[in-house]
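> The structure that follows is given in the form of structure tokens.
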Amino acid sequence: MRLSGHLRTVRAVAALPHAYLASCSDDATVRIWRTSRRDDERAPRRVFERGALCVLRGHRNNVYDLAQVRGFASFQLASSGHDGTVRLWHLWDPADVDGEAGEWGADDEEPTARFEAQLRAAAQVGALPHHKLVNCVAQLRDGRLASAGTGRGGHTVRVWNLAELDRAARAGTDLRSKFVPAVELCGHGEAVNDVASLSTTQLVSCGSDGTVRVWALDGARRDANVSSASDASTHVRCIIGSHATLYGHADSVYGLCVARGCIVSVSEDKTVLLWAARRESEVGDTPARGETAARDAANVNAIDDGALPTHLDAWRGVLPSGLNGWLSEAP
């Protein structure tokens, strides 16, 4: 199947319920696609071509990333772009998506006419301000939304309280007005290119400064190199300095994910690095940057069923781990 319609480079896709997809592009649009075939479309052919179900307009420039938003009635999709905003879109009534039944890829589950009609009527409900451009957006495990980018205001990660925005939308508040993030994370020296959730209280980011950074979001830690400040006029809690900075890449780091308890990062230096937290018995024995830490090569094997460490100090001074243990256990 070929989905055609974007006029410029396509940057990202996001899975939606009932075998639908969302995509975003440098043509400043977000497009919704139906990927399941109806009975009259199942005739054998090499490539089945289809146009977009609907086109969402609102961004004024390139749209870089998408994230499905779960758990809220007012919005189900977030997009980020070069115009310095994160935009929230209402796509459907959550009551029409029954639990996990609507996960993408369920070709045998035909979407209801009501669900498709709601997608065709999708609309923007809010625009959250960032800096010059917003490279990425992701929903965290605690339900909040993280976005990151760069600009004259700094290279930061912003965390938004979606529950508060959802309540405001249901009360009739115009979410196109300016809202402020609940938390702002400052520390990257250049553009922040990707973010991912480690746990309900931990977030990881990567940037063009060649680093991967681990952040604590609960504000419980008290470290000498970390300071928190609250601006009473905006109610933004700014965390200056990441809890742990992971060095190992020789160039910009453009993407990351969390897999089987490891942080996986990819870079312009042509490498993929896997980072595994040290054992609790090793916490406190922090190697200097650049020091060879042979013991870390076996740490991937110590991760049980993809569990993440609950103690943040496990990420301090971590160097890239060896691949053999993780790859041998990968399904």
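All of the numbers you see were taken from the coordinates with simple rules; none came from a lab. Values in this document were obtained by computation on a predicted structure and should not be read as measured data. Counting neighbours? That spans all protein chains shown, and the Cβs are built from the backbone with ideal geometry, glycine included.
> At 7 Å along Cα-to-Cβ for each site, give me the label-to-label distance between Ala250 and Ala163 in nm.
The modelled label-to-label distance comes out at 4.7 nm.
> Now for a different question. May I ask you to derive the FRET efficiency for Ala117 and Thr200 from their Cβ-Cβ distance with R0 = 51 Å, giving the value to the nearest 0.05? Can you show the working numbers first?
Values: r = 36 Å, r/R0 = 0.70.
It comes out at approximately 0.90.
> With label points built 7 Å along Cα→Cβ from the Cα atoms of Ala259 and Asn61, find their separation and express it in nm.
Result for the modelled spin labels: 3.3 nm.
> Label-point separation (nm) for Ala95 and Ser4, each offset 7 Å from Cα along Cα-to-Cβ?
Distance between label points: 4.0 nm.
> Which order do peptides 115-123, 130-138 fall in by mean Cβ count within 10 Å, highest first?
Output ranking for 115-123, 130-138: 130-138, 115-123.
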